[in-house]
Structure formats: C-alpha cells, structure tokens
1. For a quick check: sort B:Asp8, B:Asp542 by the number of other beta carbons within 10 angstrom, fewest at the front.
2. Taking each residue in B:96-102, count the Cβ atoms of any other chain within 10 Å of its Cβ, then average. What number comes out?
3. Kindly identify segment B:269-499 as rounded, prolate or oblate by the Cα gyration tensor criterion: order the square roots of the eigenvalues as a ≥ b ≥ c, call it rounded if a/c is under 1.5, otherwise compare a/b with b/c, prolate if a/b is larger, else oblate.
4. Take the alpha carbon atoms of segment B:87-125, find their center, do the same for segment B:567-592, and report the distance between the two centers in whole angstrom.
5. Just need the relative contact order of chain B here, percent rounded to a whole number, with Cα pairs under 8 Å and 6+ apart.
6. Using the Cα atoms as the points, what is the convex hull volume per residue of chain B in Å³?
7. Taking Rh as the Kirkwood radius computed over C-alpha pairs, what is the Stokes-Einstein D of the protein assembly as shown at 20 °C in a medium of viscosity 1.002 mPa s, expressed in µm² per second?
8. Please compute the length gained on full extension between B:Glu157 and B:Leu475, using 0.36 nm multiplied by the number of residues separating them and subtracting their Cα-Cα distance.
Amino acid sequence: MRSATFNPYQPVLPRPHERKRSQWGMALFIATEAMLFVIFFFAYFFLASNSEQWPFHEDPSFKLALVLLVILLLSSVTAHLGQRGIEKGDSKSLNLWLALSLLLGVAFMSVQYFEYSQHLKILTPTDNAYGSIFYTIVSFHLAHVVLGFIMLAYVLARALAGHFSAERHIAVKNVVWYWHFVDLVWIVVVCILYLSPHFYGTAL
Amino acid sequence: MHDTLSIDEQQAKDRLESIWSEPGGIRGWISSTDHKKIGKSYLVTAFLFLLLGGIEALIMRIQLGGPDVGLLSPQAYNQLMTMHGTTMIFWYAAPVLSGFANYLVPLFIGARDMAFPRLNAFSYWTFLLSGILLYVAPMLGIAPDGGWFSYVPLTSEEYSPTKNIDFFAFALIFLTVSTTAGAINFIATIFRLRAPGMSVNRLPLFLWSTSTISFVIVLSLPALTAALVFLELDRLVGTHFYDIALGGEPMLWQQLFWLFGHPWVYIIFLPATGMVSMILPVFCRRPIVGYVWVALATVLTGLVGFGVWMHHMFATGLAEITTGFFSAASMAISMFTILQVFAWLATMFTGRPVLRTPMMFCVGFIVLLVIGGLSGVMTAVIPYDWQLHDTYFVVAHIHFVLVGANVFPVFAGLYYWMPKMSGRMMNETLGKWNFWFMFIGMMLAFFTMHITGILGMPRRVFTYSADSGWTLLNLITSGGAFIFALGVLLGLLNVIYSWRRGEIAGDNPWGADTLEWSTSSPPPEFNFVRIPTVASRHPLWDEHDHTADPENIRLLLEGKQSLATSSVEAADGQTVRFPSESVLPLCLSLVIFALCLSLIWQLGWAAALLTLLGFILTAWWMWPADKELVS
C-alpha cells in the first residue's frame, strides 16, 4: 500500500512485520559473491591473453559439466516450487520440494566428485597456471554449492520446526535466491571453462 | 497490546528504557548490539591502530632524519614500512569512518539501531581480531615486509619463505569479511530504516557518501579477496597464478590489487567529505550550496573510481592506448572533487563562518585536499609520472590526500560529534593548539617531501648518503612528523579530558540541523522516544514539528522496534523488530580467527573442524527466538 503523494505530516500507521531488510542483505551478499566470480573470470582471461596456447592441454571435456548443469537447473526448479508452495501456505509441499532439492544437491556433489577424479588424471592445479585457475573457479563454485546446500538444509530444519507460513517465509525466499545464484554461476562456468575452448581452439 | 494511547512521555521513556537497556560491564560489552557502543568501540580501536601506525612512522622518520643513521637495519625498515602502511590504510582509515557511521547513521535517520544489529557486532569483532592477527606476526618476529601493496614475486614463497606474508594475507581476507558485512549493513539501514519523510533528496550528505562507498565496497573488495586467495594458493598449495615459468603472470597481482586499491582510496575519502559537507554549513550558519551537485559528485566519484586503477601502473609497460585512457579518467575524476570544493567555498563565502575547532579542521582539510588533488592531477600526466615514479613526490601526494582528506575531517568530526557522544564539549583552547600543531606539522613533514621527490630521492629506501643533498629536507620532514604527532596526541588528550571534565553540552550545542541533535546528549539506548518525521533537508531548522505524534503511533513499545519505510521516498512506516543482544557474533569471529591461524600453519583437520563449528554457530545465531515468531 504505497500512497502516491506522501504527506509526512500525516501519522504513519505501523504494520506488523517488515520483510525487506533481509532481502537487501541477501541481494548484496549475492552481489559481492557474483563480483568475486567476475574477478575470477577476469583472471582466467588475463592469464589466457598472456599465454601462447590456452588451455595448455587438450580442451576440457564438457559432457559431465552439462550433466551437472541439468541437475542444478532441475534443483532450481524444485526449490522454486517449494517457495511457491509456502507462498500459498502449503508447508507440506515446501518440505517435499526442499528435500528433493537437497537430493539433487547430493547428486551434483557426487557427479562433481566423479568429474574431479577423472579430470585430475589429466590435469592438476599445480601443473601450470591454467590448471590453477581452472580448479580454483570450479572448486569455489563447489564451495558455494556446499554453502547453498547447508542453507537449504537449514531452511528445511526450520520448516520442519513449523516456522513458516504463507505470511512469514522470508528465509525460504532468501535461500532460494542464493540457490538460483549458485545455479547461474554454473551456467557461466560451463560456458567459459568447458565450452568456449572448443570454439576458439588454440587461437587465443 | 498495551494501551499506548493514554501513555505519557515519562511512562513511555521508562518502558523503552526497560526494553532497550543492556547488561553493563564486560558481559554487556562482549554481547552488545547497540550501534552506539559498537561505534565507540570502533573509534577507540581505530585510534589505537592510528597510534601504532604513527609510532612506526616516527621510528622510520628518526632513521631518515639524517644520512646513514644506523637505528634500523634494512630488513627492520621494510617491516616498519609495511606495518605502517597496512595499519594506516586498512585498520585505521576505513574503520574510523565505519566507527562514525556506526554511531551516527541510525541517529541521522531517526532509527533505533542498524538494520542487522548482530551483524554489526560481528563487523566490529572481525575488525578487531583481524588487526590482532596482523600484529601476531611481528610478535613472532616475522613481520610482513613486502609493502602494503605486497607485489609478487617479492612476496612469493621463493623470496618470502617465512609465514610473514601469510599473516598479512589472511589478516586482510579476514578484514574484508568485516568490511563487506559492515557495508551491507549500512546499505540496508540507509535504504530501509529512514524516518518517514526522509526521502533520498533530504538525506544528510554523509549518508550519500556512506551508501556510495558501501556499494563500492561490495563490488570492489572481491578483487582484493581474489588476489589474496591466488597468493595464498601459490604459497600454501603450490599453484602457479603468479609464477611466470609455468604460465602465471605477476602483473595479475597488480591488476587485481589496484582494481580494488583505487576504489579503496575513495572508500576512505568520500565519507570524510560527507562529514565536511555536514559540519561546514553548520558553522557557516546556512544550508550547503549545491546540495544536489555535491550528492551527485559523490556518487560519480564512486562510479568513476572503478575506471582509474591502472594509473598506479603507468611504469609497468602497458599499451599506450591503455595508459592514455586511464590518464584521462584520472584527470576527469578530479572534476567531481573540484565541484565539492567549490560548493564548500561558496557556502563559506555566502555564509557567516564561525571559526570553532571543527570548522578550522574543515578549512585545513580543504587546503590540504587542494594541494593533494593538484599533485594527483600532475602524476596523472604520464611523462610526469614516469619522471617522479617511486620518488618521495608520490609519498607526499598519498599523504596529502590520505592525511589531509581523512585525518583532518576525522578530527573535525571528533570535535563536532564528541559532545553528542559524551554529553560534554571538547576544550576549545586545546582544540586550537591541536589544529595548528597538526596543520604546521603536516606542511613541514609532507610539503617538503614534494621537493625531496623532485630532487630524486627514491621512496622505500632505508637511508641515503650525505652527499645526495637531501639531508636538510629530510630533517625538516622528520621534525614536522613529530610536531604532527604531538598535535594528534593533544587531540586524544583533549578527548580523554573533555569526556570527564568538559562543559555540559546540551542537546544541540552547535545549533545544527540534523536529527541526531534532537535527542539528548549522550543519546538514550533507544535513541528517540518517538520515531521522528521529516519534512525538509534540515529537520531542526524548519517549522515542521518532527516529534508530533498525538496518537502515540510512533512510540513502538512492543519490544526492540523501529520503523521501516520505502527505500526512495521513505513513506509507509512498518514496524520492524530487532534481535536481542548476543555473544554469538564474538564467538563466530573467534572461530574465524582460529581458522585463519590453522590455515596459515596448514592444519587441515583443524580448519575443517573450525569451519564446521562456524556453521553451527551461524545456525544458532540465525535461529529465531520464540518471541520473534509471535506475529
């Protein structure tokens, strides 16, 4: 209820509960985290532009990365459905979709573990600068997945404790935002680290 | 629901008192979430770091007072130089402004606390503990010695094999956590908790600068974090980010460090100009000239500040097109500062200036800023920069802009707001001595350095020979440094003396215009009995009665509450609730402190355990208390 012409002389009616403080907090936290990844990609291209060949080895295989992408995209959908559920007051649906998102999170981490074990046979972070920046970006993303996973689990615990209702579920919203952000970062990681070398070859 | 309609002023005060009062003593201090206590802790801690950094500077000045003085070995000189720069730039200059902002922002906007009071406490504890972490290194005899800019490859494991650089890096990463948390808190506070009617075009100018730099912090600090993460991965894990032999690039450090570093200059400069834009008009007895221009100049400085970083790297062999662009941007950014300077001058010329101590510091600041700004534009010219690169001219420039544009406004703010914090006026006579010692000391110490630099003395040298012709100039600089230090000391003595013995100030001793002066000095724990309403840029100078509230709607007596309004026009009050005080922020900071130590010594199992503990504490912190769940 926003009055078009606000008159400060008029008394203001207090309303119970204000929700947007923590949303500002989460949005800014995501902004600073996003900036960290922007800087990482800057470093990736900076190192690339100063090398005669990039990547140093063969181009990374992108099959598993795409599988991971599908898993994360699905988990974003499930997390969103959970949020939609609680917006309608359906706490059962929230619990269900959150649990499913967590399962998909576990699936992501398992496949990522497998991908690491394959990839490390070809390239390690201490081999050269390309390996260093590649594994740093992927591992930082993984750390964010773990953090998002913990947040989702925490929200599920609060949901099971009966904290949320149709009017009161700001924590769910914030955590789902964060989960979407983790998802979004992976799209960029896949595009830049896994797919783009296949296009420019060794020309960069 | 209590019957608030029939309550009288005294009853309301008593009830607010019982809601907001915190336990006293040590327990109260470590669990406090009161922005005023946290703000004061910030200020005291920042000034302790100023003294530490100052003592380090004075020891260096004794060493440089004459040719071939044997007080310091080259290694000890490098360590002092690094600790001095790092302490001043990271642990004094920005935190001191955070201290003022912490204390003042909720008072400026008519709120009862910051948006996230526990996060606020966390910011303070991480700031304090990161500073302690930095100073653990010298206590172990391995002080960092790579300069505050810590260029690789000097700071790589090959050339700095001890743990010194690790302490530097982890202390800084730790500090970025504090600074980022603080910035997010300021933005949420300024854009959510303003009193009804305080639309953005009525914001006190300090809030324009604080919100600008908070956005700059959120977007620029990751560059520093990334640079330090790469450095530590290189040092501890054995990656090759900066190792040119295996495809790495030492220039990456400089790019990232200055991509963060130059916005940081504005982070420690803009809030200081915001303070001057609030103090100076009060002593000219008129509103500031060109409010909108000053506000826009502040925002634009923050924005363009992201596009000038390579002017720190003109001598590194960048492409001509790159240096040309950054040279032009560096000159362009000075226009916004010039705009502010003219606004202050016009305010003085059209007002009736009263020369009290805060005003003297403001005027001194303008003089120093103009000198420092001019030497800045000079070094933005590339051939000139090549000539003077790495000489004392650059040292003179950095000190004019950092001391002139940070320390002087901070002292103006100290004299101006101390009566609000302590309830007592600062001593005026001592204040004038304070100012003149600092101003003359500043000129002797740092203006002379311009000449020393033009005569060719390189910076970062631990001594020089008698036949170089720099002896007299260096002696003057050293003398000036001691006079300046005496001035700072007088100011701090004045604070201690006036805190107990100063004249009683009253609510509004300066006849100022902003909301903090409408409450008592010192303010009660709940800041305002009623959340005020605002109808102009100068709530205390207009005819609007900002406390009028016949139906007692803005008393808010149901727990720790304040009003939240829309972010632009500050309309539509909604009550918000604050969490209770807690020791968890301190506990979490201690865990992160231990985590940093475990990473420095590469104790993997300890680091994993501490991370887990950190998550548990955070979950405990965020878990709402039962009373918060009641609608």
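Read-outs: derived from the displayed coordinates by stated rules, not from any lab. What you see is a predicted model, and the numbers here were worked out from it, not measured in a lab. Reconstructed Cβ throughout: ideal geometry from the backbone, glycine too, with neighbour counts over all protein chains shown.
1. By the 10 Å Cβ count, ascending, the order reads B:Asp8, B:Asp542.
2. For peptide B:96-102, the averaged partner shielding equals 0.
3. In terms of gyration-tensor shape, oblate.
4. Between the Cα centre of segment B:87-125 and that of segment B:567-592, the gap is 12 Å.
5. 20
6. 155
7. The estimated diffusion coefficient comes to 75 µm²/s.
8. Between B:Glu157 and B:Leu475, full extension yields 110.7 nm more.
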